[in-house]
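Participant: Here it is, the structure in full.
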Amino acid sequence: MKKIFSILFAATILLAACEKHKTTVTTNSDGTVERTVIYSVGKTENRSTMETDAEWDALLDQFLVQSKNGNEVVFYNLNLTTYGGNDNSAAKDSRTITTSNREEIKAWMKQMEKEGLTVRVTYDDGTGTWNGVAYATAPSSNTSGMILGTWRLTTMIVVQNDDNEVVQNIDYFEPIEGGNMMYYIFNSDGTILLNVNNADSVVATGNSTWTLSDNGILCSDLLPSGECWNVNWISSNTMILSHSDNDTPDGDLIYQLQFEAVATEK
């Protein structure tokens, strides 16, 4: 009963706290859909929104140059509808590549992005080879320490696909536009606290636990719309989670949560 209550609590608080926007997928004249890519080059994180495949191709060229300059490059397409709603839940195992062929590594990067995976690329100057790893969820070794602390939920996105994986609807929930802030506090003892604040005070709280599996799946019944989530992206600034719920009465649903880190006083 406690578990069910926590799930219902989180869902109720989320819907009450957020401003909801509906939208539909729009395509450009050449049939492409824009993509927004979050990426890091070395320790620098950035985002880039591109409306054409040519712009995406140019950014990939920059990534390859940066990797040859000795930087680790990591990127992830935040736009769930670039390819009609990415569902990476089936991609359980990471994909790897080692090649000295520039066009081969570039084609692989494009394919991994198309499958909704996070891509990590380095270059070995000694052997003249690129090394790539792509995954649906970040390895727990990359996540466990970074997740500790306070995260503000900035956006929840829900994509509804039909049986043919064609996007039917996209809902955006943004707490700040509803006049609220939602904070998740992950503690090292495995407890988690949810605070919903308005401009003046804390208006609701929830307490529970969180776990991180060996393969990097983050679970807590305080997370909305499903207990367990892929950690697609985590850095000192940003955390991106995704979750799929297939064969519902509303079709296949794909969820994405976007968080930003909150600095705490020491």
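Participant: Within region 152-173, which residues are of a type outside the set (Val, Ile, Thr), closer than 27 Å to ASN246 by Cβ and open to solvent by less than 40 Å² (accessible area, probe 1.4 Å)?
Facilitator: Correct list: LEU153, MET156, ASN161, ASN169, ASP171, PHE173.
Participant: Kindly provide the set of residues from region 135-169 that are more than 21 Å from TRP233 (Cα to Cα) and either assigned to a helix (DSSP H, G or I) or not polar (S, T, N, Q) (or both), ordered by number.
Facilitator: Result: ASP162, ASP163, GLU165, VAL166, VAL167.
Participant: Would you mind finding the one in ASN77, ASN101 that is at pLDDT 80 or above and open to solvent by less than 10 Å² (accessible area, probe 1.4 Å)?
Facilitator: ASN77
Participant: State all residues of region 107-133 that are without any contact (Cβ under 8 Å) to a residue 60 or more places away in the chain and closer than 12 Å to VAL73 by Cβ; if no residue qualifies, say none.
Facilitator: Correct list: MET109, VAL119, ARG120, VAL121, THR122, TYR123, ASN131, GLY132, VAL133.
Participant: When you go through LEU222, LEU257 one by one, which is the residue that is out of contact with any His (no Cβ under 7 Å at 6 or more places or on another chain), modelled with pLDDT of 85 or more and part of a loop (DSSP other than H, G, I, E, B)?
Facilitator: LEU222
Participant: Can you tell me which residue in region 211-228 is most open to solvent (accessible area, probe 1.4 Å), limited to those that are under 22 Å from GLY145 (Cα atoms) and free of Cβ contacts under 8 Å to residues at least 40 places away in the same chain?
Facilitator: Step by step, filter region 211-228, then rank; the result is THR211.
Participant: I'd like to check something: does region 191-199 contain any residue that is open to solvent by 30 Å² or more (accessible area, probe 1.4 Å) and in a loop (DSSP other than H, G, I, E, B)?
Facilitator: Yes, because at least one residue in region 191-199 is open to solvent by 30 Å² or more (accessible area, probe 1.4 Å) and in a loop (DSSP other than H, G, I, E, B).
Participant: Let me spell it out: the conditions are (1) in a strand (DSSP E or B); (2) open to solvent by 30 Å² or more (accessible area, probe 1.4 Å); (3) more than 24 Å from THR82 (Cβ to Cβ), and SER188 meets all of them except one. Which number is the exception?
Facilitator: Tallying (1) in a strand (DSSP E or B); (2) open to solvent by 30 Å² or more (accessible area, probe 1.4 Å); (3) more than 24 Å from THR82 (Cβ to Cβ), SER188 fails exactly one: (1).
Each row is one residue, and each column tells you yes or no for (1) under 23 Å from ASN161 (Cβ atoms); (2) of a type in the set (S, T, N, Q).
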site	(1), (2)
THR52	no, yes
GLN62	no, yes
GLN66	no, yes
ASN79	yes, yes
THR98	no, yes
ARG102	no, no
THR122	no, yes
TRP130	no, no
TYR135	yes, no
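The values are calculated or read from the model by the stated rules, or taken from the named source; none is laboratory data. This structure is a prediction, so every number in the text was calculated from the model and none was measured. As a convention, Cβ positions derive from the backbone with ideal geometry for all residues, glycine included, and neighbour counts pool all protein chains shown. Surface accessibility is based on the protein's heavy atoms, side chains included, excluding ligands, DNA and RNA. Shrake-Rupley method; radii C 1.70, N 1.55, O 1.52, S 1.80 Å.
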